[in-house]
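Written out below as structure tokens is the structure these notes cover.
The numbers here are math on the coordinates, done by the rules we state, and not lab data. Remember, it's a predicted structure, so these values are computed and weren't measured experimentally. Here the Cβ positions follow ideal geometry from the backbone for every residue, glycine too, while neighbour counts run over all protein chains shown.
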Amino acid sequence: MGVILPSSFYLREDVVQVSKELLGKSIYTNINGLFSGGIIVETEAYRGPEDKGSHAFNGKRTARNEVMYAEGGVIYMYICYGIHDMLNIVTGVSGTSHAVLIRALEPTEGLDIMRERRGFINDDRRLCKGPGALAQALGLTKFHNGLSLQENQIWIEDCGTTLKEDDIVAAPRIGLNIEEPYKSVPWRFYIRGNRYVSRINASTAPVIPPQL
């Protein structure tokens, strides 16, 4: 076990940098007395309100996304396609609406619990491969929306893993049907060579960030 990330980690303005720095950190849940968790191996940054991929684009504010405007260090849970619960980490000071989608974990704790939640026992690589899968594996639903990462139901720890720049791949975010430059901006990050990543970047050419 490592050191729980302090509130100051989440309050920084640069959500893209926070998204990169979450790689290699460990996230844990204690839901109904069941402990499970794993290493964050893939993330996506969403920089509201100018980011067309963000639920808070153009300052949009609804009952669904209201927690995005909270002070960083809480979780934003929403349901995608009416099926999949999605885990996001709210960052920045109150009112900024930045968030990081957690896309994949390398499961390390409570594997039997995760297998039961996910409904299969024969392929641990699938347990937390994709945002819907990992939320289910961790026991998280929309009813956990707004939970603090400083309390005892969900938290993130720094376990001393050090990643070099060469260990991190930056690629376009997945599944966004939006206009450029935000469709291709490389705000998805994953650990190179990790077999638990949801999808490997198909392109071998370097991704050049647009001027935003």
Sorted by chain and number, the residues with a modelled amide H under 5 Å from that of E42, at a separation of 5 or more or across chains, are R103, A104
With +1 at each Lys and Arg Cβ and -1 at each Asp and Glu Cβ, the charge dipole magnitude of region 72-180 around its Cα centre, to the nearest 20 debye, comes out at 400 debye
Just how far, in whole angstrom, is region 21-82 from region 103-161 if you go by their alpha carbon centroids?
13 Å
Return the Cα extents of region 64-163 along principal axes one, two and three, sorted largest first, each rounded to a whole Å.
44, 37, 24
Equivalent-ellipsoid semi-axes of region 128-202, from the Cα gyration tensor, Å, largest first:
25, 19, 13
Convex hull around the C-alpha positions of region 1-109: the volume in Å³ per residue is 114 Å³
Expressed as a rounded percentage, what relative contact order does region 3-191 have, with Cα pairs under 8 Å and six or more residues apart?
28 percent
In Å, the Kirkwood hydrodynamic radius of the chain over pairs of distinct alpha carbons?
17.1 Å
Ignoring everything except DSSP H segments at least 4 long, calculate the 222 nm mean residue ellipticity for the chain; use -39,500 (n - 2.57) per segment, divide by total residues, nearest 500.
-3000 deg cm²/dmol
So what's the net charge close to A56: Lys and Arg +1, Asp and Glu -1, counting the other residues with Cβ under 12 Å from its Cβ?
+2
